[in-house]
1. Being surrounded by fewer than 23 Cβ atoms within 10 Å (Cβ to Cβ), away from every other protein chain (no Cβ under 14 Å) and hydroxyl-bearing (S, T, Y) narrows it down to one of A:T64, A:T68, A:T60, A:T74, so name that one.
2. Of the residues in the stretch B:39-74, how many are among the small types (G, A, S), more than 12 Å from A:S279 (Cβ to Cβ) and facing chain A (nearest Cβ under 8 Å)?
3. Output the residues belonging to the stretch B:250-270 that are of a type in the set (S, T, Y) and over 35 Å from the mean Cα position of the chain (by Cα).
4. Take the residues in the stretch A:443-462 that are without any contact (Cβ under 8 Å) to a residue 60 or more places away in the chain and part of a helix (DSSP H, G or I), then tell me which one is nearest to B:D200 (Cα to Cα).
5. Among (1) surrounded by fewer than 24 Cβ atoms within 10 Å (Cβ to Cβ); (2) free of Cβ contacts under 8 Å to residues at least 12 places away in the same chain; (3) at the interface with chain B (Cβ under 10 Å from one of its Cβ atoms), where does A:L358 come up short?
6. Give the stretch B:75-105 a look and list any residue that's closer than 30 Å to B:L146 by Cβ and facing another protein chain (nearest Cβ under 7 Å), or say none.
7. For the stretch B:21-31, enumerate the residues that are within 9 Å of chain A (Cβ to nearest Cβ) and not in a loop (DSSP other than H, G, I, E, B).
8. Looking at A:K111 and the list (1) of a type outside the set (V, I, T); (2) within 21 Å of the chain's Cα centre (by Cα); (3) in a loop (DSSP other than H, G, I, E, B), which single condition is not satisfied?
Amino acid sequence: MASGDMAASGAGVEDNYLTHSHGFKSWFFTLDHKRIGLMYLVSILTAFFLGGVFALLVRTELLTPGKTIMDAETYNRMFTLHGAAMIFLFIIPGIPAALGNFVLPIMLGAKDVAFPRLNLFSYHLYVAGAIFALASIAMGGVDTGWTFYTPYSTTTNSHVIAMTLGAFILGFSSIFTGLNFIVTIHKLRPAGMTWFKMPLFLWALYGTAIIQVLATPVLGITLLLLIVERALGVGIFDPALGGDPVLYQHFFWFYSHPAVYIMILPGMGIISELVSVFSRKHIFGYKFIAYSSIAIAVLGFLVWGHHMFTSGQSAMMNMIFSALTFSVAIPSAIKVFNWLATMYKGAIHLDTPMLYALSFIFLFGIGGLTGLFLGALAVDVHLHDTYFIVAHFHYTMMGGTVIAFLGGLHYWWPKMFGRMYNETLGRIACLIIFVGFNTTFFTQFIMGSHGMPRRYYNYVPQFTPYHRLSTWGSYLMAVGFFLMAGYLLHSLFRGRKAPVNPWGSATLEWQTSSPPPHDNFPEAPAVGDPYDFSNLEYDPSLPGYRRRGGPKA
Amino acid sequence: MSFELGMMAAAGETGGSFWMPPEISTSAAGVDWIFYFIFWISLFFFLLIVGLMTYFVVRYRRPKGVEAEGAPSHNMVLEVTWSVIPLILVIVIFYLGFKGFMDLFTSPQNAYEVLVTGQKWKWLFQYPNGYVDENLHVPVDVPVRLVMSSEDVIHSLYIPAFRVKRDVVPGRYTKAWFQATQAGDYQIFCAEYCGKSHSDMLAKVVVEKPGDFEKWLEKASNFLDTMPPAEAGARLYKTRGCAQCHSIDGTSGIGPTFKGVFGETVVMVGGAKVAVDENYLRESINEPQVRVVAGYQPVMPTFKGRLKDKEITAIIEYIKSLER
């Protein structure tokens, strides 16, 4: 059995990207996209852990009205840090920079990204940005909320400048990653890899990259203006200095709404891969899914005003932004229906990644549909800035993006590390997270529609039972995440060696060894339909898939 | 768990539905109707999606090694159908939402106007006769327009029972309106994060029965004649701006605290010592720059002409009542 495994993982004992060279420098200054992806992965998971700890502290404080474990000023810092760490350090770089960096060139059949040095530079910028963010936390934190609304953010005495500088630098990291991916997809496709032979994950990353390049500079400029106002007293947003506070909101959401598609689009891309592979069936409506990614990327630029329906902007603007907002619903709906049609008459295997894909469809379904309430003007006026919003964006961002990220992580884990994790524990952790998530956030829809405002340290006693249930749910989720951390770390040392193609995928990264060699492929891979599984057959001795008619292990 | 759910059902409010608080304004029923319209459509599609997903998982789950029986990988008619049906539905939802919003947005000409000021961290409501209160009293069945502005950062006035919310922005005026349908007390929240005591920036809307509102306003406006002076002073302390600089708990703000100051001997800028009595306090209100307590800047504006003698007396009595 052991020798069979060795053969199955191809060049496993020989040279692979993990063993190619040694020492701190060979990692921190590497130009290998796979190592950069892995460093991103470690970094973003650290940020996710920190953001998670902040979240648990926030939820614990909300167990009772008034003071539970901390005072109001600490609480305000906690929810700000939770948001800032999760958004800027985890979820935006999450799928593109960590999984995307690792997978994109291999999926494409390329040796690396187009600009390996720029890729490394974007990681170093990420580290620099993270240091600024950590410095602001060390100095006492920020209490503005992750949105930094003026004039509160220009007048509070917390450490706004360090945090916004951090976000500014992280923005450039994101722009460079996007730029790199666009050029890579345009220029490094090997012979035979036409646009419509590309896996849908790459279409999603391409759409994401367009947003990263076009929207992020606006965030940079906005945060810079904020710093100028705060440090030099130039009146841009503060009415006391002759500025306009609502202008800040326009600038901010001009980036930050497209940014939510930076978060969700690559997640949708992962789900397209998972649903097809684990249904053993060609993805349904390939072109509709591919174009819907681009449609979402474009339409996402035109809807920022829906964050400001109660801000005092004109009724005309509200009407236009509401109409445009609903247009985004269509490409999202198309994707969901196509995934379902892919499952129809498939041969469905409920491995851990597929359980995440199914969780995604359930949770993102709720997240997307509750968006309809918020797009409808009259209803949004009531729900704006309540826990209904908090629940809605956690269903899309966490139930959507994070769940997709976890699905992708479990899917590509054997390729990244050459080891299999414990499948049973994987399924159990997924179930715990699913139940914990719904307990935490579904209650928030109900208290939100009953009028519980967000960012509240204290609350009227009427909401106590909801808050308590929500907090218990968050503890349950934490249990699931710790279990996952346990079996994933365990697999690195004790996990069964991964075969070349454990899931039977037809995309190119599964044609090379697990983990891949330094140059990705020993010889140029054969490009084919990324969703044609007819050439693959299951070999229980691996256990995994191999080319039909290929040599037995 | 069942205990928690039981508490939820009993939680706080009377009236209202599973998803919505009681409907106390003329707009509330319309908003709720749209909410539930979207809710049933969403529930239908959610059950459709999850139902199909579950059915496919059960029906087509296969052991490893078994391949799919296969089905077409595209179908134009199907694709167009499930693009167009959601499109039609969202157009309908957009229209309903927009129409409902215009009702919330456009206040009737004859509305009763109340001026609202938001500041860290309280609400002030000023009635047409100039009287300022910390809670919003309104007559039932009369349209009321709020003209709102902020003294510092952005706030947002939110009355869940009326389905009304509007940001309160410094440097500009925003408006909201409603017509209450039932007498009673209802919660006002600040919905836009504004710092340390954001979650305590609360007030009540008191909807008065027909005829009671005028009586209340007259009595409240004459509180100087009807209330004990110290109590009247406490109200003026909050509504006329003293509280922004002078604490009542002993902490030092932009100005000295009021707590225990009466009867003390205090050192002034320049070294003179002054016993704080009624006349010193009166002088400090009318001509605050004349004798400033050591350690503070001479930044207080004069209240000469802005406070009536009776009001000054009330404030002095209030300060006297704040013993160390």
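The values are calculated or read from the model by the stated rules, or taken from the named source; none is laboratory data. Predicted, not measured: the structure shown is a model, and the values here were computed from it. Ideal geometry is used to build each Cβ from the backbone, glycine not excepted, and the neighbour counts take in all protein chains shown.
1. A:T60
2. Selection size over the stretch B:39-74: 2.
3. B:T265, the sole residue that qualifies.
4. The residue in question is A:Q462.
5. Here A:L358 clears every test but (1).
6. B:I93, B:F94, B:L96, B:G97, B:F98, B:G100, B:F101, B:M102, B:L104, B:F105
7. Correct list: B:A28, B:G30, B:V31.
8. The failed condition is (2).
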